[in-house]
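*Asks:* First the structure, which I've put down as structure tokens, then a few questions once you've had a look.
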Amino acid sequence: MLKFTPKRRLTGGVRLPANKTESTGKSIRRGLIPPRLIVSTRQQRGPAAKPIVEIGQGVLRGETIARAEKSDGTDVHAPTSGKIIAIENYESPLLSKVALELCIVIETDGADLAIQKRGPIEFAATREDRIRQIASAGIVGLGGAAYSTAEKMRGEPQIDCKLLIINGAECEPYISCDDMLMRESPEQILDGAAILQQLVGAPECIIAIERDKPQAIDAITLAADKLDLDGLRIAELPSIYPSGGERQLVEVLAGVEVPSEKYPSDFGFLCQNVGTAYAVHRFFRDGEPLSSRVVTVTGAAVAEPRNVEAMIGTPIADLIDACGGYSREAARLIHGGSMMGFELSEDSLAVTKATNCVVAAAPDEVKSENREWPCIRCGECSMVCPARLQPQDLVIAARESNAQALTELALSECIECGCCDVVCPSHIPLTQEFRKAKPLVQSLEELQAFSDASDQRFRLHEERRQDATIAAERQRDHIKRALSHEERRAEEIRAAVQRARQRKSETDGS
Amino acid sequence: MAAERADQNVMAPPHSSPKPAVPVIMRRVLYALAPAAICQTWFFGYGLIINFVFCALAAMLAEAAVLKLRNRPIRDTLTDGSALLTGALLAFAIPPLTPWWVPATGGVCAIVLAKQLYGGLGKNLFNPAMVGYAILLLSFPVEMTQWMPPRMGDIDFTHLGFLSQLGYSVSGILPAELSLDAMTRATPLDLVKEGLRSAQTFSEVRANSLFGDFGGRGWEWVGNFLILGGLYLLYAGIIRWHIPVAVLAGLLIPSALLHLFDADGFASPGFNLFSGATLLGAFFIATDPVSAAATVLGRLIYGVGIGFLTFAIRTWGGYPDGIAFAVLLMNAAVPLIDRYTRPRVFGHD
């Protein structure tokens with residue numbers, strides 16, 4: 001397999017204790033069927049799907065239980081066989097927060113019967129239909145951001161995709177689900193990548209993996225040599241957080257900086273997580289829609305940390321039980337990794353397609369104190385910022401709600417990676433302040449847009465009014481001219497009549 | 001549908017433990033100064049320790065008083081170690097044979113005028129220790145120049161014991177048989193300044209027994225320990241390399257060029273490196289984050305500025321050393337430097 005040398009070094013970033021080896025000692029645990037599944041109808045950024053099943057109805061594995069109504073939604077499938085026992089609102093973790101979502105509750109029967117024995121699925125004829133196939137297979141980005149894969153592949157129609165990036169960097173502490181999947185199913189991942197590459201017509205594909213995953217790198221390299229894939233290369237990245245961020249990967253691999261108001265697809269790049277590539281393989285080769293994912297269950301409060309292939313809708317408590325339960329009281333339960341993950345207040349919440357990791361942390365492994373010292377302007381935050389922002393200045397503007405300054409300092413480029421927080425000797429909750437302040441910048445931008453639009457409207461109105469005035473004047477001139485013309489003619493006629501009369505009287509008189 | 005839950009009971013990300021807090025950093029900088037302090041005490045007497053106590057005590061009392069006036073929590077601020085560090089840095093710059101009110105005035109001025117009047121830690125424009133030093137140097141020029149010769153076998157030196165040093169600090173009375181004039185001696189920087197001004201060559205000035213391989217004897221050793229402390233700060237990630245390297249480059253490059261051009265008329269770069277407050281300034285004073293530039297390019301400009309201004313003041317100015325004034329001048333330029341060296345934001349033109 002050919003190696004790809006990254007074009008650039010990551011801007012900023014920090015080296016963090018990985019805390020990954022705890023969960024990579026054992027293979028992925030498969031075949032866990034919890035008694036109840038709470039499947040949210042919203043499994044991706046964008047609209048929820050609409051349930052198409054009724055309470056009391058039996059379902060089989062792979063059966064569509066909720067259908068996307070819009071093109072940016074995705075279908076939701078039953079992860080196993082069982083009976084629908086409720087369709088109601090539950091708290092569900094997705095998109096960096098917990099929100100109430102309509103969920104379909106399935107009582108499982110343990111038989112795990114599939115809807116039908118399906119083999120490979122034919123590619124649809126047109127590109128748009130093929131993309132629709134992916135949405136109907138419920139495939140979303142499994143890196144944690146849960147962006148609809150179909151929506152992402154649509155991209156900008158007039159821009160050709162020149163590079164497919166398969167993201168196996170997995171830079172965030174604690175998370176090891178991609179690492180384990182690459183170790184155990186490298187051929188399936190590469191096959192899925194090849195399908196994606198074919199679907200978007202990308203001439204090149206790079207799979208990016210951080211160097212702290214030598215076993216994954218070996219497995220992928222072996223599999224690539226075996227499959228003999230063209231145009232596939234591997235990029236080994238230094239282990240620096242957040243090099244696995246989408247924009248960061250594009251920066252490092254292609255040397256292109258994608259600003260916040262644009263997408264990598266605007267520059268001809270498509271990034272997909274290794275888990276997503278695996279899901280694409282499962283759908284097109286085995287006919288299995290995406291209804292389960294690998295979740296890392298770890299943290300010092302978990303008895304036997306490991307990765308579990310969890311059905312979507314599995315309550316987190318069942319996942320932790322499958323890993324030997326709690327070994328001590330967890331100080332904090334985190335959905336995601338320790339940098340961008342968010343705290344859950346209870347373990348009854350169910351796995352969504354965004355759940356890449358669950359950390360049950362002991363008190364000594366997480367930030368616990370809220371004490372803050374004054375900023376000493378050490379600038380460490382700006383040194384590690386992957387967006388080259390000045391957090392020490394931004395935080396002042398954020399606390400003063402100074403939207404103007406926040407805009408000037410480009411707050412909207414903040415990717416909320418948390419690097420500034422962990423290096424701050426004053427322990428200022430910078431990322432939290434920035435997240436809170438972002439609506440200010442947005443509202444300023446909206447205000448600006450509104451004012452621009454009003455300005456535009458007024459100008460158009462003025463122009464129209466002026467045009468109308470000019471037209472009216474012209475009309476008047478025209479009428480005037482027309483009138484004067486008629487008057488002149490009447491005059492001429494009168495004069496002619498006069499002359500005729502004169503001539504007549506002259507002749508009569510003579 | 002998406003009703004976001006109130007999050008008063010959950011911690012916001014990131015959850016990873018942060019780096020050591022401000023008090024730990026201040027404490028580590030104090031540790032880094034300790035070897036040089038012991039060395040300076042060995043070569044120049046107990047004055048440093050006594051001055052440090054008066055400086056720090058006055059600084060902390062003054063800080064507590066201002067905090068009380070400002071209705072701010074006193075304990076949290078006093079325990080952050082910043083006033084203690086200011087006291088320590090200032091004590092290094094005060095001659096050993098000084099009455100107690102000199103370090104005390106310095107400590108009070110540093111904390112009240114340079115720090116608390118601006119709003120406390122993190123808000124000050126100027127380096128507090130250097131403001132304190134500048135005020136002392138301008139107000140008490142005699143007391144601030146009474147340096148002593150180093151404890152060296154072949155040099156005629158008289159150092160006081162701890163108790164008589166303390167007694168002198170408190171009462172201003174020397175033991176009966178001693179006089180200040182007999183005990184104090186011009187510093188190598190003074191000798192070079194005076195010598196070059198009175199048409200001596202640099203090598204003639206250096207023939208004095210107070211001079212060692214590069215700078216003044218004793219001072220060279222203190223310098224070595226300051227370098228050691230600075231390397232520890234770099235290793236511990238408390239400072240970055242940009243400012244010390246830039247300060248030294250800004251001082252040593254012009255010094256080396258002019259010394260090459262005219263070895264008699266200009267002091268050698270080695271002398272500049274190991275004299276006065278060069279190493280203390282490069283590693284411990286210019287690197288004060290609050291009053292230094294925050295961007296990478298800004299730090300290089302700031303450091304070079306300090307180095308070059310120090311060189312200019314030492315070579316052509318009215319004072320033998322220039323670190324304090326150079327730092328204060330560049331402090332004033334920091335807001336401008338930071339504004340114009342802001343790096344290009346990711347994805348922006």
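*Asks:* Go ahead and set up a Gaussian network model of chain B, Cα springs under 10 Å, then flag whichever of B:Asp321, B:Asp156, B:Asp264 fluctuates most.
*Replies:* Answer for the Gaussian network model of chain B: B:Asp156.
*Asks:* Could you give the DSSP H helices of chain B that reach 15 angstrom or more along their long axis (alpha carbon positions) and whose average Kyte-Doolittle hydropathy is no lower than 1.0?
*Replies:* What comes out of the filter, once short or polar helices are dropped, is B:22-44, B:47-69, B:82-92, B:128-139, B:219-235, B:242-261, B:296-316, B:323-340.
*Asks:* Classify the range A:316-463 as rounded, prolate or oblate from the Cα gyration tensor: take a ≥ b ≥ c as the square roots of its eigenvalues, call it rounded if a/c is under 1.5, otherwise prolate when a/b beats b/c and oblate if not.
*Replies:* The shape class here is oblate.
*Asks:* Regarding the range A:2-295, what are the three Cα extents along the principal axes, ordered largest first, in Å?
*Replies:* Principal extents (largest minus smallest coordinate, Cα): 56, 46, 38 Å.
*Asks:* If you split all Cα-Cα distances of chain A into 20 Å bins from zero, what percentages do you get per bin, shortest first?
*Replies:* Calculated P(r), rounded to whole percents: 20, 47, 17, 6, 5, 4, 1, 0.
*Asks:* For the cross-link pairs A:Lys97/A:Lys353; B:Lys68/B:Lys115; A:Lys438/B:Lys115; A:Lys3/A:Lys162; A:Lys97/A:Lys438, which exceed 21 Å when the distance is taken from alpha carbon to alpha carbon?
*Replies:* A:Lys438/B:Lys115
*Asks:* Once the Cα atoms of helix A:127-136 and of chain A are each reduced to a long axis, what angle between those two axes, in degrees from 0 to 90 to the nearest 10, is obtained?
*Replies:* 50 degrees
*Asks:* Follow-up question, since we're still on this one. Could you work out the pair-distance distribution P(r) of the protein assembly as shown from its alpha-carbon pairs, with 20 angstrom bin width and percents rounded to whole numbers?
*Replies:* 13, 34, 25, 17, 7, 3, 1, 0, 0
*Asks:* Related question: With the crude spin-label approximation of a point 7 Å out along Cα→Cβ, what separation in nm comes out for A:Arg132 versus B:Ser17?
*Replies:* According to this spin-label approximation, the distance is 5.5 nm.
*Asks:* Moving to a separate point now. What is the average number of partner chain Cβ atoms found within 10 Å of a Cβ in A:368-377?
*Replies:* Average neighbour count from other chains, rounded to a whole number: 6.
*Asks:* So what's the angle, to the nearest 10 degrees on a 0 to 90 scale, between helix A:430-509 and the longest Cα principal axis of chain A?
*Replies:* For A:430-509 against chain A, the angle is about 20 degrees.
*Asks:* May I ask you to compute the full-extension gain from A:Ile115 to A:Gln502, defined as 0.36 nm times their residue separation minus their alpha-carbon distance, rounded to one decimal in nm?
*Replies:* Contour length minus the Cα-Cα distance gives 128.2 nm.
*Asks:* Something else about it: Which value, in Å² and to the nearest 10, is the accessible area of A:Tyr278 when all protein chains are kept and the probe is 1.4 Å?
*Replies:* 40 Å²
*Asks:* For A:Lys20, which lysines qualify as cross-link partners when the Cα separation must be under 16 Å and same-chain residues fewer than eight apart are set aside?
*Replies:* A:Lys213
*Asks:* Please list B:Ser139, A:Ser92 in order of solvent-accessible area, largest first, computed with a 1.4 Å probe with all protein chains present.
*Replies:* So the residues, ranked largest to smallest area, are B:Ser139, A:Ser92.
*Asks:* Continuing with this model, one more query. Could I have the simple spin-label model distance between B:Phe162 and A:Gln466, label points 7 Å from Cα toward Cβ, reported in nm to one decimal?
*Replies:* For B:Phe162 paired with A:Gln466, the spin-label model returns 8.9 nm.
*Asks:* Taking the Cα-to-Cβ direction at B:Trp316 and at B:Asn224 and moving 7 Å from each Cα, how far apart do the two end points lie in nm?
*Replies:* 3.6 nm
*Asks:* Something else now. Calculate how steeply helix A:186-200 sits against the longest principal axis of the alpha-carbon atoms of chain A, using the helix alpha-carbon long axis, and give the answer as 0 to 90 degrees to the nearest 10.
*Replies:* Helix A:186-200 and the main axis of chain A meet at about 10 degrees.
*Asks:* Suppose every Lys and Arg Cβ carries +1 and every Asp and Glu Cβ carries -1, with no other charges. What dipole size does chain A come out with about its Cα centre, to the nearest 20 debye?
*Replies:* 1600 debye
*Asks:* Report B:Glu177's accessible area, 1.4 Å probe, all protein chains in place, as a number in Å² to the nearest 10.
*Replies:* 150 Å²
*Asks:* Would you mind giving the mean number of other chain beta-carbons within 10 Å of the Cβ of each residue in B:337-347, as a whole number?
*Replies:* Across B:337-347, the average partner-chain Cβ count within 10 Å equals 6.
*Asks:* Further question on the same structure: List the aspartates and glutamates whose alpha-carbon lies under 19 Å from that of A:Lys152, not counting same-chain residues fewer than 8 positions away?
*Replies:* A:Lys152 reaches A:Glu69, A:Asp72, A:Asp75, A:Glu128, A:Asp129, A:Asp160, A:Glu204, A:Glu246, A:Glu251, A:Glu257, A:Glu261, A:Asp266.
*Asks:* Still on this model: For B:Ser209, A:Ser243, what's the largest-to-smallest order of accessible area, 1.4 Å probe?
*Replies:* B:Ser209, A:Ser243
*Asks:* Please give me the summed charge of the neighbours of B:Ile25: other residues whose Cβ is under 15 Å from its Cβ, Lys and Arg +1, Asp and Glu -1.
*Replies:* Taking every other residue near B:Ile25 into account, the sum is +2.
*Asks:* How much accessible surface area, in Å² rounded to 10, belongs to the heavy atoms of A:His335 with a 1.4 Å probe?
*Replies:* Surface open to solvent at A:His335 totals about 10 Å².
*Asks:* Another one. How much net charge surrounds B:Gly237 when only the other residues with a Cβ under 9 Å from the Cβ of B:Gly237 are counted, with Lys and Arg +1 and Asp and Glu -1?
*Replies:* Local charge sum for B:Gly237: +1.
*Asks:* Using a Förster radius of 25 Å, what is the FRET efficiency between B:Leu125 and B:Asp76 based on their Cβ-Cβ separation? Nearest 0.05, please.
*Replies:* Calculated transfer efficiency: 0.65.
The values are calculated or read from the model by the stated rules, or taken from the named source; none is laboratory data. These numbers were taken from a predicted model, which means no experiment stands behind them. Don't worry about glycine lacking a Cβ; one is built from the backbone with ideal geometry, like all the others, and counts go over all protein chains shown. Keep in mind that these areas ignore ligands, DNA and RNA; they rest on the heavy atoms of the full protein, side chains included. Shrake-Rupley method; radii C 1.70, N 1.55, O 1.52, S 1.80 Å.
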